[in-house]
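Enquirer: Attaching a single structure in structure tokens format; questions to follow.
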Amino acid sequence: MRSLVTPGFLSHCCHSLGSVRIASTQMGTGQAATPGGCMPQPAKLPRGITRYRGRYRVRMNHEERTHALGMFETLTDAKAALEIARGDAARGRFVPPAERRAAREAEAVRAENEALTLQAWSETWLRGLEANPERSRATVVSYRSVLQNHVLPELGEIRLVELTTERVADHLATLASRPSERHPAARVNGVAPNVVIVLRSMLNAAVKAKAGGLESFRVPRRPQTPPRAPRGRARRRGNAGRSHGLHRGDAPAPADRGPTGSLVRPADRGAAGTAAPRP
């Protein structure tokens, strides 16, 4: 029996099946299949959108400059991004993506910088002193001791941008009011002057480095030393003056002569006045 399927018919069927497969695999890629399916032709993309490494790159000209709007997976997203950018440009509100990224990065850096506490900066500052060959190790150890014992327990968690001169002054006054651990009877404990020296050096370095957003800072002076109490001899001399009715600033009264020509002190005037006159 003679076969009805000829070689030409089989070739036609295979060619048609290949065209269907090519068309099905090219849907959504921006390429149009030819009727024969042999050489797919790229679809015409809107102006500003190009195909790059399997994605859609979007760019737009604005104010004589070309701005990259981004890379997108689908043509729909690319068209939407381009339309939004063109609308913003028409309303005068277009901000290039590069500028937006730079602003976000600057804001993140600023937020991180302003979160810097006094304790965190003290560690950075001390490490810099340790790496400085002109600073002796004993000086760095002394500074660290002052900070750990008299500054950081009360002020360490405060952010540099929130630290004020009044807050430091209150802390110095508190330190000055504490009795000395080694000499409880001493008028001062010697802590506040050392704290002022360390804080001034550390905060000046922070201002110079613009650490923590700190632009300026005035370190208060150390608290005034209370006046020394008068000693025992001075107290006795003052009591002696008061016993004669004299006060500070009073001049002694002049002495008079008695009936016999002798000098009479003010306390003896009454007795001299009652003496009998000479015959």
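The values are calculated or read from the model by the stated rules, or taken from the named source; none is laboratory data. Since we're looking at a predicted model, the values are computed, not measured. When we count neighbours, we look across all protein chains shown, and the Cβ atoms used for this are built from the backbone with ideal geometry, even at glycine.
Enquirer: For region 129-174, how many residues meet the condition of being in contact with a Pro (Cβ under 6 Å, 6 or more places away or on another chain) and not β-branched (V, I, T)?
Expert: Residues flagged as in contact with a Pro (Cβ under 6 Å, 6 or more places away or on another chain) and not β-branched (V, I, T) within region 129-174 amount to 3.
Enquirer: On the given criteria, is R127 without any contact (Cβ under 8 Å) to a residue 24 or more places away in the chain, over 18 Å from P193 (Cα atoms), assigned to a helix (DSSP H, G or I) and assigned by TED's automatic domain parsing to the domain that holds A176?
Expert: The answer is yes for R127.
Enquirer: Among the residues that make up region 161-170, is at least one of them assigned to a loop (DSSP other than H, G, I, E, B), at pLDDT below 95 and within 30 Å of A111 (Cβ to Cβ)?
Expert: Checking region 161-170: at least one residue is assigned to a loop (DSSP other than H, G, I, E, B), at pLDDT below 95 and within 30 Å of A111 (Cβ to Cβ).
Enquirer: Inspect all residues belonging to region 131-154 and state whether any of them is under 16 Å from the mean Cα position of the chain (by Cα) and either over 19 Å from V196 (Cβ atoms) or not in a helix (DSSP H, G or I) (or both).
Expert: no
Enquirer: Something else: Mind counting the residues in region 95-124 that are outside any helix (DSSP H, G or I) and touching a strand residue (DSSP E or B) at 6+ places or on another chain (Cβ under 7 Å)?
Expert: 4
Enquirer: Are any residues in region 76-94 in a helix (DSSP H, G or I) and in contact (Cβ under 8 Å) with a residue 24 or more places away in the chain, and if so, which ones?
Expert: Within region 76-94, A78, K79, L82, A85, R86, A89 meet the criteria.
Enquirer: Could you list, in sequence order, all residues of region 212-237 that are within 20 Å of the chain's Cα centre (by Cα) and either modelled with pLDDT of 90 or more or surrounded by fewer than 10 Cβ atoms within 10 Å (Cβ to Cβ) (or both)?
Expert: Selection gives E215, S216, F217, R218.
Enquirer: Additional query: Can you tell me which residue is farthest from A43 (Cα to Cα) among those in region 59-96 that are touching a Gly at 6+ places or on another chain (Cβ under 9 Å) and exposed (fewer than 12 other Cβ atoms within 10 Å of the Cβ)?
Expert: Filtering first and then ranking leaves R93.
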